[in-house]
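Asks: Before anything else, here's the structure in question.
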Amino acid sequence: AVLVGALLVALAAAGWFGRNLLGLPWRDATRAPAQPVVVVMPFSAVGDQALAYVGIGFAEDLAARLAEIPGTTVVGRLSIRQAKDEQWQSRGRVLRATAAIRGTVRSTPGTLEIDIQLFDVKTGEMTWSERFSRDTQQALGLEAVAAGEIARKLGLPMPTGARWARNVSRRVEPTAYDLYLQGRDAAERRDRSRAISL
């Protein structure tokens, strides 16, 4: 009886002190996946380089839309304009991002065409790409649509609710939208008089 009692005590002690080791595989399997940390790079303009402000403006607004999606952390939003697209991977690592978004913008009369690519910062591998083409009146809605697709690719729930639905369907007057982007660009360049006139 003494031997059996000692054996039971030893087993109980082993179970107590080894509980963390025994629990690790279970905890790892049930732990929620880490939330994605995203860096958005400035989008480059295809064709007319004078329209670079369109790509930068779109990237800034896309980052703002992504930041509204629960489960996403967007880093470097305030310095998108100063970022160099070719340095996307090093920028992502410095900002401790897990994913990077790059893209191009082609603006023609009446049409806005966006190519977006999603990259894994650690491996440098492109994990998703898509082309969006919309009437210029739907430029703001395009930002929300693209952000929703990126969220889906990152394994996050698609945004819902009346506010997001309004964002997706929002329309703008193309000339006013273009002047707005130019004005923002001028303000960032500290050309205050031009920004005000625009």
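The values are calculated or read from the model by the stated rules, or taken from the named source; none is laboratory data. Please read all numbers here as calculations on a predicted model, not as lab measurements. Cβ placement follows ideal geometry from the backbone for every residue including glycine, while neighbour counts extend to all protein chains displayed. In case anyone asks, the SASA skips ligands and DNA or RNA and just uses the protein heavy atoms, side chains included. Shrake-Rupley method; radii C 1.70, N 1.55, O 1.52, S 1.80 Å.
Asks: How much area per residue is accessible in the stretch 40-198 when the probe is 1.4 Å and only protein heavy atoms are counted (Å²)?
Replies: Per residue, the stretch 40-198 has 53 Å² of solvent-accessible surface.
Asks: Between residue 135 and residue 170, what length in nm is gained on full extension when 0.36 nm per residue of separation is reduced by their alpha carbon distance?
Replies: So the extension gain works out to 11.4 nm.
Asks: How high is the FRET efficiency between residue 152 and residue 195 when r is their beta carbon distance and R₀ equals 35 Å, given to the nearest 0.05?
Replies: Computed FRET efficiency for residue 152 and residue 195: 0.45.
Asks: Note down the nm distance, to one decimal, between modelled labels 7 Å out along Cα→Cβ at residue 49 and at residue 77.
Replies: In this crude spin-label approximation the distance works out to 3.1 nm.
Asks: Then there is this: Where the eigenvalues come from the Cα gyration tensor of the stretch 75-198, what are the semi-axes √(5λ) of the equivalent ellipsoid, largest first, in whole Å?
Replies: With the √(5λ) rule applied to the stretch 75-198, the semi-axes are 26, 21, 14 Å.
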